[in-house]
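One structure below.
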Amino acid sequence: MGRSFSDGVDPSGAFSECNSDRSGELIPAANSVAAHHRLLISCDVEYSDDVVHGLISDLESPSVPIESQRHAAMVLRLLAKHKSENRLKMARAGAIRPLVALLSHHDPQLQEHGVTAILNLSLCDENKDPIAAAGAIRPLILALKTGTPAARENAACALIRLSKVEEHKIAIGRAGAIPHLVDLLETGGLRGKKDASTALFLLCSARENKIRAVNEGIVRPLLELMADPGSGMVDKAAYVLNSVVEVAEGRAAAVEEAAIPVLVEMVELGSRRQKEKATSTLLQICEESVTYRTMVSREGAIPPLVALSQSGTTQPEQVEALIEMLRRPRAAEGGEGRQWRG
């Protein structure tokens with residue numbers, strides 16, 4: 001078909017770390033706020049506990065004007081972004097709970113500052129549990145659903161950071177994040193799609209989240225991204241699909257959504273990593289179904305698999321196992337029940 005599936009992803013890993021907010025800073029309207037902003041970025045300024053406590057007090061006081069609250073939230077956001085040592089200082093000073101309260105705020109700018117400050121605080125591993133304990137998961141999902149484009153992206157990124165803790169993955173899935181991440185994967189900009197795919201990949205290491213993702217229709221947008229080399233998302237989408245086909249619901253959805261032609265073409269035309277990930281996914285699809293093996297074979301998978309085997313691969317056992325399954329689909333029944341990992 002003449003297409004290349006390479007999307008220029010760093011070969012060291014399909015998913016990069018989601019670090020501090022990358023959405024750019026809002027340009028403050030007031031000259032004093034703009035001056036404070038420039039100072040934070042251009043100077044290595046130390047802030048005392050009194051300053052941090054004062055900013056927190058501005059967030060918590062109902063009598064403080066909303067512009068002052070925006071200023072306080074923005075400065076806390078920048079403090080957490082530009083100086084790693086400030087993240088622990090701010091958490092210990094009590095910044096987490098008032099910032100979590102901003103995640104549900106009716107003012108979009110305050111909500112965005114709150115989301116991004118929580119993201120920046122979550123870069124510190126010691127802050128992940130306190131952020132979750134402060135009730136951040138549900139309002140982060142609300143921001144993911146209703147926030148500005150930057151708030152949605154940064155909420156996804158904050159959920160990525162929190163999902164590095166195993167128990168948080170289950171809580172995030174059960175709180176309803178997955179449908180909104182699937183929506184961001186479909187409708188977001190490139191950064192939003194990347195953050196959504198990373199969050200979904202991490203969450204889908206839990207079986208119940210794989211099933212949720214399949215039920216929310218994740219397979220179709222993944223295949224659309226995989227079939228579009230210009231999406232910049234081929235590798236990421238392939239990794240997420242490989243995860244969800246580990247459950248029967250995912251395999252059935254993949255076949256129903258015509259994944260087999262996309263995967264066979266990727267084995268033929270993709271980068272080395274894409275060929276191997278597509279092989280792993282096809283192996284999981286084929287392992288428990290003679291019907292699926294026949295479909296894969298009829299799609300012409302054997303020649304590119306043989307070529308991959310002959311050209312060298314880091315997963316020769318998987319490639320050979322899939323070739324054998326496709327050549328002798330019924331004889332491969334005895335191998336069912338194995339769990340392959342790509």
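Listed values, structure above:
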{"item": "Derived scalar couplings ³J(HN,Hα) [the stretch 245-258; Karplus, 6.51 cos²θ - 1.76 cosθ + 1.60; whole Hz; x for Gly, Pro]", "result": "6, 5, 10, 4, 4, x, 5, 5, 5, 4, 5, 4, 8, 6"}
{"item": "The stretch 251-330-the stretch 167-212 distance, computed between alpha-carbon centres (Å)", "result": "26 Å"}
{"item": "Surface share of carbon and sulfur [accessible, 1.4 angstrom probe, percent] for the stretch 207-277", "result": "46 percent"}
{"item": "Cross-link partners of Lys81 among lysines (Cα-Cα below 18 Å; sequence separation of 8 or more within a chain)", "result": "Lys89, Lys128"}
{"item": "Solvent-accessible surface (1.4 angstrom probe) belonging to Arg328, in square angstrom, nearest 10", "result": "130 Å²"}
{"item": "Partners for Lys236 among lysines (Cα-Cα distance below 16 Å; same-chain residues under 8 apart left out)", "result": "Lys193, Lys194, Lys210, Lys275, Lys277"}
{"item": "Per residue, in Å², the accessible surface of the stretch 165-212 once ligands and nucleic acids are set aside, probe 1.4 Å", "result": "37 Å²"}
{"item": "Peptides 94-100, 105-111 ordered by average Cβ neighbours within 10 Å, highest first", "result": "94-100, 105-111"}
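The values are calculated or read from the model by the stated rules, or taken from the named source; none is laboratory data. Just so it is clear, the structure is predicted and the values come from calculations on it, not from any experiment. Every residue, glycine as well, gets a Cβ built from its backbone with ideal geometry; the counts of neighbours run over all protein chains shown. Accessible surface areas use protein heavy atoms only, side chains included; no ligands, DNA or RNA. Shrake-Rupley method; radii C 1.70, N 1.55, O 1.52, S 1.80 Å.
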